[in-house]
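Trainee: Structure in structure tokens, see below.
The values are calculated or read from the model by the stated rules, or taken from the named source; none is laboratory data. If you're wondering where the values come from, they're calculated on a predicted model, not measured in any experiment. Cβ coordinates were reconstructed from backbone atoms using ideal geometry, including for glycine residues, and neighbour counts include every protein chain displayed. Heavy atoms of the whole protein, side chains included, go into the accessibility calculation; ligands, DNA and RNA do not. Shrake-Rupley method; radii C 1.70, N 1.55, O 1.52, S 1.80 Å.
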Amino acid sequence: LHLHHSGRYHCRGWVGAVFPLWKESERVMVKVHRVPLSGVSLSAQPPGGQVALRDSLVLSCTVAAGTGPLSFSWHREGSGALLGTSPCLELRHVGDNDSGQYWCRVSDGDSVAESDPLNVTIL
């Protein structure tokens, strides 16, 4: 369903076998609502955000509830740069400068929610 599906609905059809009559139901109002964003969480592979030097780390952002379309952004503490805009962020060949706290931000166009930060450690 989308917000534009809100409106008045009814059904109609032929009723009766011998002398069918055209009948129409009462109209009902259907209102489609947005579901607020909630439950934004961050997970890592390998788990815990600990990754060996020069290996890869994949961070995933999930949303428990929320009406789409959703947009994602990735951030790191101390960096003003946008790191990515998809639900997953892959860091390839990590170096010492990739350590720090990462989080994702999700927007549905009306509201914004963030995950708790994940501390990434390069071993």
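Trainee: Restricting the search to segment 28-60, which residues are closer than 24 Å to residue 100 by Cβ and not in a strand (DSSP E or B)?
Mentor: Of everything in segment 28-60, those that are closer than 24 Å to residue 100 by Cβ and not in a strand (DSSP E or B) turn out to be 46, 47, 48, 49, 52, 53, 54, 55, 56.
Trainee: Okay, next question. Please identify the pairs in which a residue from segment 21-37 that is over 30 Å from residue 64 (Cα atoms) and open to solvent by 90 Å² or more (accessible area, probe 1.4 Å) has its Cβ atom under 6 Å from the Cβ atom of a residue that is charged (D, E, K, R) and modelled with pLDDT of 90 or more, counting only partners at least 6 apart or on another chain.
Mentor: 24/12; 27/8
Trainee: Can you name every residue in segment 64-81 that is open to solvent by less than 40 Å² (accessible area, probe 1.4 Å) and farther than 30 Å from residue 9 by Cα?
Mentor: Scanning segment 64-81 gives 72, 73, 74, 75, 79.
Trainee: Quick one: residue 84 ticks every box in (1) outside any strand (DSSP E or B); (2) touching a Ser or Thr at 6+ places or on another chain (Cβ under 8 Å); (3) touching a residue at least 24 places away in the same chain (Cβ under 8 Å); (4) under 18 Å from residue 115 (Cβ atoms) except a single one, so which number is it?
Mentor: That leaves (3) as the condition not met.
Trainee: Among the residues of segment 36-57, write down those that are of a type outside the set (A, V, I, L, M) and within 10 Å of residue 118 (Cβ to Cβ).
Mentor: Of everything in segment 36-57, those that are of a type outside the set (A, V, I, L, M) and within 10 Å of residue 118 (Cβ to Cβ) turn out to be 41, 43, 48, 49.
Trainee: For segment 14-42, which positions are at positive phi and either polar (S, T, N, Q) or in contact with a strand residue (DSSP E or B) (Cβ under 7 Å, 6 or more places away or on another chain) (or both)? Can you show your working first?
Mentor: First pass over segment 14-42, keeping only residues at positive phi: 16, 39.
The one that is at positive phi and either polar (S, T, N, Q) or in contact with a strand residue (DSSP E or B) (Cβ under 7 Å, 6 or more places away or on another chain) (or both): 39.
Trainee: Can you find, within segment 92-111, the residue that is surrounded by the most Cβ atoms within 10 Å (Cβ to Cβ) among those that are touching a strand residue (DSSP E or B) at 6+ places or on another chain (Cβ under 6 Å) and within 13 Å of residue 72 (Cβ to Cβ)?
Mentor: Per the stated criteria, the residue is 104.
Trainee: Based on what the data block shows, is residue 89 in a loop (DSSP other than H, G, I, E, B), of a type in the set (A, V, I, L, M), over 19 Å from residue 38 (Cα atoms) and in contact with a strand residue (DSSP E or B) (Cβ under 7 Å, 6 or more places away or on another chain)?
Mentor: So residue 89 does not fit the description; no.
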